[in-house]
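Colleague: Okay, handing you the structure first.
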């Protein structure tokens with residue numbers, strides 16, 4: 001990134017502590033995957049430090065919902081859903097972020113302008129199934145909208161059968 005652009009970005013980064021728009025970059029690091037730049041910043045007014053993350057915005061498909069509505073791909077929606085499912089489970093944020101990144105890359109690499117929401121949901125469930133069975137069942141119970149306890153029990157039996165195999 002050119003020096004003038006970095007200076008411009010630093011000037012436009014709002015301090016979460018005092019709201020000041022002027023800060024300086026103290027440290028920059030590239031993520032292990034090389035797709036995110038983490039910057040430690042210091043506010044010019046209050047001198048408090050904060051972190052910003054930069055990522056290249058990619059062309060992502062629109063998500064086609066069950067009712068036919070279309071909305072932009074939203075990685076935060078996937079992240080929040082996974083966080084809920086993994087609450088109080090031994091799964092770190094780095095792992096959850098990694099799964100969300102993989103799903104985002106998958107959606108990009110499809111090369112489509114639209115993707116059905118159930119395909120994204122299935123990708124999340126597939127990843128959770130490999131990480132933690134409880135998180136998987138939590139996510140599946142919301143995602144699949146079980147109509148009664150029997151449908152839920154059938155899903156649990158499938159999980160148990162796969163575990164024993």
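Colleague: Considering only the range 69-165, give the helices (runs of 4 or more DSSP H) lying wholly within it that have at least 2 residues that are over 24 Å from residue 34 (Cα atoms). It would help to see each step written out before you state the result.
Modeller: Numbers: elements: 75-85, 93-109, 117-131, 133-143, 149-164.
Ranges flagged: 75-85, 117-131, 133-143, 149-164.
Colleague: Something else: Only residues that are loosely packed, with under 10 Cβ neighbours inside 10 Å and under 23 Å from residue 78 (Cβ atoms): list them for the range 143-165, please.
Modeller: 145
Colleague: Would you please name the residue that is nearest to residue 95 (Cα to Cα), looking only at residues in the range 18-40 that are in contact with a helix residue (DSSP H, G or I) (Cβ under 7 Å, 6 or more places away or on another chain) and assigned to a strand (DSSP E or B)?
Modeller: Checking each candidate, the answer is 25.
Colleague: Against the conditions (1) modelled with pLDDT of 95 or more; (2) in the same structural domain as residue 155 (by TED's automatic domain parsing), where does residue 122 fall short? Just the number, please.
Modeller: Every listed condition holds for residue 122 apart from (1).
Colleague: Right, next: All but one of (1) modelled with pLDDT of 95 or more; (2) loosely packed, with under 14 Cβ neighbours inside 10 Å; (3) not assigned by TED's automatic domain parsing to the domain that holds residue 129 hold for residue 49; state the number of the condition that does not hold.
Modeller: All conditions are met except number (2).
Colleague: Now for a different question. Restricting the search to the range 41-68, which residues are part of a loop (DSSP other than H, G, I, E, B) and within 30 Å of residue 95 (Cα to Cα)? First the steps, then the outcome.
Modeller: The first filter runs over the range 41-68 and keeps only residues part of a loop (DSSP other than H, G, I, E, B), leaving 44-48, 56-61, 65-68.
Passing the criteria: 48, 56, 57, 58, 59, 60, 61, 65, 66.
Colleague: Can we say residue 70 is at pLDDT 95 or above, over 16 Å from the mean Cα position of the chain (by Cα) and closer than 21 Å to residue 139 by Cα? Can you show your working first?
Modeller: Values: at pLDDT 95 or above: yes; over 16 Å from the mean Cα position of the chain (by Cα): yes; closer than 21 Å to residue 139 by Cα: no.
Spelling it out, it is not the case that residue 70 is at pLDDT 95 or above, over 16 Å from the mean Cα position of the chain (by Cα) and closer than 21 Å to residue 139 by Cα.
Colleague: Further question: Does any residue of the range 68-77 turn out to be in contact with a strand residue (DSSP E or B) (Cβ under 9 Å, 6 or more places away or on another chain), in contact (Cβ under 8 Å) with a residue 24 or more places away in the chain and over 30 Å from residue 30 (Cβ atoms)?
Modeller: Scanning the range 68-77 turns up at least one residue that is in contact with a strand residue (DSSP E or B) (Cβ under 9 Å, 6 or more places away or on another chain), in contact (Cβ under 8 Å) with a residue 24 or more places away in the chain and over 30 Å from residue 30 (Cβ atoms).
The values are calculated or read from the model by the stated rules, or taken from the named source; none is laboratory data. The structure displayed is predicted, hence computed values, not measured ones. Every residue, glycine as well, gets a Cβ built from its backbone with ideal geometry; the counts of neighbours run over all protein chains shown.
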